[in-house]
1. If THR217 meets every condition in (1) polar (S, T, N, Q); (2) open to solvent by 50 Å² or more (accessible area, probe 1.4 Å); (3) in a helix (DSSP H, G or I) apart from one, which number is that one?
2. Quickly run through region 101-116 and pick out the residues that are more than 18 Å from LYS203 (Cβ to Cβ), open to solvent by 30 Å² or more (accessible area, probe 1.4 Å) and either in contact (Cβ under 8 Å) with a residue 60 or more places away in the chain or not β-branched (Val, Ile, Thr) (or both).
3. Would it be correct to say that VAL216 is closer than 24 Å to LYS89 by Cβ, among the aliphatic types (A, V, I, L, M) and either under 33 Å from the mean Cα position of the chain (by Cα) or at pLDDT below 85 (or both)?
4. Looking at LEU179, LEU166, LEU201, LEU187, can you tell me which residue is open to solvent by 10 Å² or more (accessible area, probe 1.4 Å), part of a helix (DSSP H, G or I) and in contact (Cβ under 8 Å) with a residue 60 or more places away in the chain?
5. When LYS514 is evaluated against the numbered criteria (1) over 15 Å from ILE467 (Cβ atoms); (2) of a type outside the set (Asp, Glu); (3) open to solvent by less than 70 Å² (accessible area, probe 1.4 Å); (4) in contact with a strand residue (DSSP E or B) (Cβ under 7 Å, 6 or more places away or on another chain), which criterion, by number, is the only one it fails?
6. Determine the pairs where a residue that is small (Gly, Ala, Ser), located within region 694-708, has a partner that is open to solvent by less than 60 Å² (accessible area, probe 1.4 Å) with Cβ atoms under 6 Å apart, the partner being 6 or more residues away or on another chain.
7. For residues in region 151-167 being in contact with a helix residue (DSSP H, G or I) (Cβ under 9 Å, 6 or more places away or on another chain) and among the hydrophobic types (A, V, I, L, M, F, W, C), which is nearest to ALA400 (Cα to Cα)?
8. Could you tell me which of the residues ALA702, ALA730, ALA684, ALA745 is of a type in the set (A, V, I, L, M, F, W, C) and touching a strand residue (DSSP E or B) at 6+ places or on another chain (Cβ under 7 Å)?
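The values are calculated or read from the model by the stated rules, or taken from the named source; none is laboratory data. Model, not experiment: these values are computed from the prediction. FYI the Cβ positions are ideal-geometry reconstructions off the backbone, even for glycines, and counts take in every protein chain you see. Areas reflect the complete protein model, heavy atoms only, side chains present, ligands, DNA and RNA absent. Shrake-Rupley method; radii C 1.70, N 1.55, O 1.52, S 1.80 Å.
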Amino acid sequence: MKTEKFDITGMGCAACAAHIEKELKKQDGVHSVQVNLLSNSMTASFDENVLDARGIEQAVSQAGYKACLRAEKKQDEYNISQSNIKQQKLKKRWRISLVLLIPLLYLAMGPMVGLPLPAFILPTSNPLSFAGLQLLLTLIIVIVNRSYFDRGFAAMLRLSPNMDTLVALGTSAAITYSLVVVVRMALAWLESDSATTAHLLHKLYFESGATILTLVTLGKYLESRSKQQTSGAITKLMSLTPQTAIVLRDGIQIESAIDDLCVGDLLLVKQGERIPVDGIVSEGEASVDESALTGESIFVFKRPGDRLLSGSINQSGLLIFRATAVGQDSTLSQIIRLVENTSSSKAAIAKTADKVSAIFVPTVVVLALATLFIWLANGEAFSMALERAIAVLIISCPCALGLATPVAIMAGTGRAAELGILVKTPDFFELARKINSVALDKTGTITQGQAQISGSYTEDENSEEEILQIAAALESLSNHPLAKAVREAAEQRGLTLPEVSDFETQPGLGLTGKIRGESYAVGNQQLLSKQGIYLSEACSSSAQQAAKQGKTPLFVAQGNRAIGFLVLADSIKTGSREAIKQFVDMGCEPLMLTGDRKETAEAIRKQAGIERVFAEVLPQDKDKEIARLQNEGRCVAMVGDGINDAPALARADVGIAIGSGTDIAIETADVILMRNDLRDAAKALRLGRATLNIIRQNLFWAFFYNLLGIPLAAGMFYPIFGWQLSPMFAAAAMSLSSVTVVSNALRLTKFK
């Protein structure tokens, strides 16, 4: 199966999206399809041996819309540009419609309240001029807004009516009825039947049709503006990339377009400039503002060897760095792509709205016809029955249903990105509320993961430098957080590291290898047990004392005998204790999973304020512990950063990876924290719950609005309370419903 993204044009409401999905699913070779009304995009998975991308485009075209395979490069900028153009067109149409509507309303309603009119259009003396001018103004408004009729009637002919169909039918009915009245007025006037002519003057509904079109266009314009605000985070991220960069070639500074940069290029960034691509600092030192990417307001000091992220700002000094990722591979581009993909995906909670949207418009048309005939059957005038039917068509709003979920997901995903939280799947927002257990890795998640050697124990004639040299030689081939501390200690002492052969990693245990033909092992006590390595009582006792103080003993063994251990101290991170308290306040039980010794784990547990801890847990055992919790009926989030956390991250209901962790952990997780701060995990859960609340509010409003509005428009409350709803007020209410749903989602952009 191949998955591709397409841009869709011509959609007006959720019924359009439902129709495209329905038609594509009929095609052989199509595995799945998701159409997003908010981003006007479609993601399709299909078998290339049966159907290619061109076939997908043709299938969408046959459904009455246009699909274009999304070009990866510059496509986001193009989409935003197209959105701006569409918004400006709507604004222009609304303004023209409003300018024409004001005199039309004055003309139609002025005489009712005693407002003066010129003699040549007085309804009493010149009724045909009075009606003809209304017709002229209305026709111009219809021409300006002809897209509703083009798309609406075309969709009806395809037997896939949409919101444009409802608008087109409602306004056409009002205008056509008024045209018939004008013809009858002309015939009566020719027969000098002034009484009939005067009576028919009160049956004109030109202003109703024109007002409906104007209000619907205003609603579409406001909806477009609000929708663009929900995607503001993507727009803001895209603005972070400069268009040019300074490349150093043979010592000469050359200004180059950002698209022409290659991996390995040497780039120069001056104070105040944005870093164009990812790289590693070669020369210079500076404070860098990474807040736009990580949400961290404190500047990060960079020196040679440190990593630079595209989109961050050099706040001081001069930096020369080597490009490591350019174009679509840069961190900024990946973040933009991830945010957009998540925003365009559908959450499970949207399925109910999708099912309703698929049958919504045909049902409304049937209800409108039923309303017309029921009122006629009850002896009401045709004009009154028609007005009720038009109100039913106009007040119905499938847009509110279609936008309820995607606008909230886009706003929530965008706000999360601004806070340095990357959400990879929209289902996270629904699961966040269900989470009641948070499993935490220890090293690098709760603790700094940057331990320092604070002591050692050696047996026989071995010195601390000898066991450090052996440990550093093996750890030089590892990316474990503790390995860095060992390597740095060896470098500081100027130790020469011997060559290692037959190197093997024992996940969750340690490392083994040969040095000068002798077998060595470095790791925890479980590694010694597994390898059958002898540990003296004195060595074991000293290790237990260190562990009780929250320190980690790293054993070094030669052959089948332990020759000592290094003592590594790893303190908990700033904010870890606060984050754990926040989990508890949210009703989530925090617990720690670690491969470290029980004594060490217990000491960290007390410092962090965690109630339960599972120590000496291998990677597969972490996975089992998560599964056991789930079997108990718990909904579990796992927070980790290492390779050994990947199985547990995949098993958990929600996997949260610390951004500074390994690629495997990040790839496996559902949520990525750009900062190395556990408080962001709590922040992610709170934002997820807030987003779900907005989704539920939007769906409630969309369903409630239609369930109340349609009976009100049909006149069901008229016999009891005397309530009626004119088509003009119905149009205003319909426009307001979509704007309300989008505006409610915008509250997420202010989430703190």
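1. (2)
2. The answer is PRO103, TYR106, GLY114, LEU115, PRO116.
3. Against the criterion (closer than 24 Å to LYS89 by Cβ, among the aliphatic types (A, V, I, L, M) and either under 33 Å from the mean Cα position of the chain (by Cα) or at pLDDT below 85 (or both)), VAL216 qualifies.
4. Exactly one of LEU179, LEU166, LEU201, LEU187 is open to solvent by 10 Å² or more (accessible area, probe 1.4 Å), part of a helix (DSSP H, G or I) and in contact (Cβ under 8 Å) with a residue 60 or more places away in the chain, namely LEU201.
5. (3)
6. ALA702/ALA400; ALA702/LEU401; ALA702/ALA404
7. By that ranking, first place goes to MET163.
8. Being of a type in the set (A, V, I, L, M, F, W, C) and touching a strand residue (DSSP E or B) at 6+ places or on another chain (Cβ under 7 Å) holds for just one of ALA702, ALA730, ALA684, ALA745, which is ALA684.
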